[in-house]
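The values are calculated or read from the model by the stated rules, or taken from the named source; none is laboratory data. Just so we're clear, the structure is a prediction, and the values are computed from it rather than from any experiment. All Cβ positions, even for glycine, are placed from backbone atoms using ideal geometry, and neighbour counts span all protein chains on display. With ligands, DNA and RNA removed, areas are computed over all heavy atoms of the protein, side chains included. Shrake-Rupley method; radii C 1.70, N 1.55, O 1.52, S 1.80 Å.
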Amino acid sequence: ADEDPRDGTFSMGEITRAGHGFFGAASRGLASVIEYAFRQQGRPNGYILGEDAGGALVAGLRYGRGTLYTRDAGDHPVFWQGPSIGYDAGGDRSKVMTLVYRLRDPHDIYRRFGGVEGSAYVVGGVGMNFQANGNIVLAPIRSGIGLRMGANIGYLKYTRRPTWNPF
């Protein structure tokens with residue numbers, strides 16, 4: 001019953017397998033992060049696999065690209081970019097799996113999602129935060145390399161095409 005796709009959602013097993021396949025050897029700690037997301041939000045009805053890069057010195061920027069996978073509405077390209085501000089310094093490059101909750105139409109992903117993020121790592125790690133816009137919640141799970149420490153508040157703007165404008 002955990003793998004039953006009739007309700008249009010993905011099970012924890014499906015998400016964990018997709019994450020391990022996507023992140024590869026860097027996936028230590030991934031299962032516990034996914035378990036936490038499922039405890040907080042339930043089963044996602046979509047997920048994004050992609051990569052991004054960001055940097056900050058008080059103010060920061062992040063840019064990324066990937067593919068939104070849904071069970072009922074197909075696959076869709078997605079790009080994201082956005083500013084942040086806070087006590088944050090450093091840079092990172094990450095593979096990203098974003099769990100998508102309560103997305104009624106794939107085109108509803110193309111908007112701004114605000115959130116708070118904190119990170120403290122040297123070389124690599126796995127981390128997650130939640131972003132929201134209305135009823136839709138995103139849970140980006142990042143595994144990457146870099147040197148970054150701090151906390152910030154900001155948003156990511158998800159678009160159909162790449163753009164350098166983070167606003």
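Summarising the label geometry, the points placed 7 Å from Cα in the beta-carbon direction at R71 and Q41 lie 1.6 nm from one another.
Tell me, how many Å apart are the Cα centres for the stretch 11-63 and for the stretch 135-149? Using only Cα atoms, the two centres lie 7 Å from each other.
Dipole orientation for the chain: of the candidates G8, Y63, G24, Y63 has the Cα lying most toward the positive pole (charges on Cβ; Lys, Arg +1; Asp, Glu -1).
Quickly rank 66-73, 88-95, 160-167 as a protection proxy: mean count of other C-beta atoms within 10 Å, highest first. List each step's numbers first, then the result.
Working: 66-73: 16.9, 88-95: 19.4, 160-167: 10.6.
Going by the mean number of other Cβ atoms within 10 Å, highest first, we get 88-95, 66-73, 160-167.
Computed over the chain with a Gaussian network model linking Cα atoms closer than 10 Å, the most mobile of S143, S32, S11 is S32.
The residue among V126, Y87, A139 whose Cα reaches farthest toward the positive pole of the charge dipole of the stretch 41-167, with charges on the beta-carbon of Lys, Arg, Asp and Glu, is A139.
Given +1 on the Cβ of Lys and Arg, -1 on the Cβ of Asp and Glu, and no further charges, what dipole in debye does the chain carry about its Cα centre, rounded to the nearest 20?
Approximately 380 debye in magnitude.
Just want the answer: with Cβ charges of +1 for Lys and Arg and -1 for Asp and Glu, which residue in F38, P106, N152 is farthest toward the dipole's positive end in the stretch 8-167? Among F38, P106, N152, the one farthest towards the positive end of the dipole of the stretch 8-167 is P106. Taking every protein chain into account, the accessible area of the chain amounts to 50 square angstrom per residue (probe 1.4 Å). Each listed q (0.11 Å⁻¹) maps to a log10 I(q)/I(0) for the chain, found by the Debye formula over equal Cα scatterers with no solvent: -0.41.
At 0.36 nm per residue, and after removing the present C-alpha to C-alpha distance, how many nm does the segment from I85 to D7 gain when stretched out fully?
So the chain would gain 24.2 nm between I85 and D7.
How would L147, L61, L30 line up by accessible area, probe 1.4 Å, largest first?
So the residues, ranked largest to smallest area, are L147, L61, L30.
Return the carbon/sulfur percentage of the accessible area of the chain, one whole number, probe 1.4 Å, all protein chains in place.
Details: 4850 of 8420 Å².
That fraction is 58 percent.
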